[in-house]
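Everything on this sheet refers to the single structure shown next.
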Amino acid sequence: MSPQAREVLIYLKGHGSIEPMDALKKLGVYRLAARIHEIREDGHVVDTAWVKVSRHTKYGKYIYKGQRII
């Protein structure tokens, strides 16, 4: 897992969710979806809620659900 993905994971655990603008402004992470992908590959469960801004615009809000139990 990359250092940025670790930062995003820490933020998710502390706040419960993250949106792209929060990731950019607070963590300096531009490609949030890629970092979420890394976090998921590491065994964490992160849901995506789509937030509609306008008719043609939406973004993903990522919600931390915990670590996958195997």
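Some observations on this one:
- Solvent exposure, largest accessible area first (probe 1.4 Å, DNA, RNA and ligands not counted), of Met21, Met1: Met21, Met1
- Estimated D of the chain in µm² per second, where Rh is the Kirkwood radius over Cα pairs and Stokes-Einstein applies at 37 °C, 0.692 mPa s: 268
- DSSP-assigned coil residues among trypsin sites (Lys or Arg not before Pro) in the stretch 11-70, each with at most 14 further Cβ atoms within 10 Å: Arg31, Arg55, Arg68
- Of Lys13/Lys58; Lys13/Lys61; Lys13/Lys65; Lys26/Lys61, those spanning more than 20 Å from alpha-carbon to alpha-carbon: Lys13/Lys58
- Taking all protein chains together, His44, His15 sort by accessible area into His15, His44, largest first [probe 1.4 Å].
- Neighbour net charge for Val51 - beta-carbon separation under 11 angstrom, K R +1, D E -1: +2
- Our estimate of slack between Met21 and Arg55, defined as 0.36 nm per intervening residue step minus the Cα-Cα distance, is 10.3 nm.
- 10 Å beta-carbon shell around Glu7, net charge (K/R +1, D/E -1): +3
- Principal-axis tilt of helix 3-15 within the chain, Cα atoms, nearest 10 degrees: 80
- Sequence-distant contacts, meaning Cα pairs under 8 Å at least 6 residues apart, place the relative contact order of the chain at 34 percent.
The values are calculated or read from the model by the stated rules, or taken from the named source; none is laboratory data. Owing to the predicted nature of the structure, the values given are computational and were not obtained by experimental measurement. Neighbour counts are summed over all protein chains in view; Cβ atoms, including those assigned to glycine, are modelled from backbone coordinates with ideal geometry. Note: accessible area is taken over every heavy atom of the protein model, side chains too, but ligands, DNA and RNA are not part of it. Shrake-Rupley method; radii C 1.70, N 1.55, O 1.52, S 1.80 Å.
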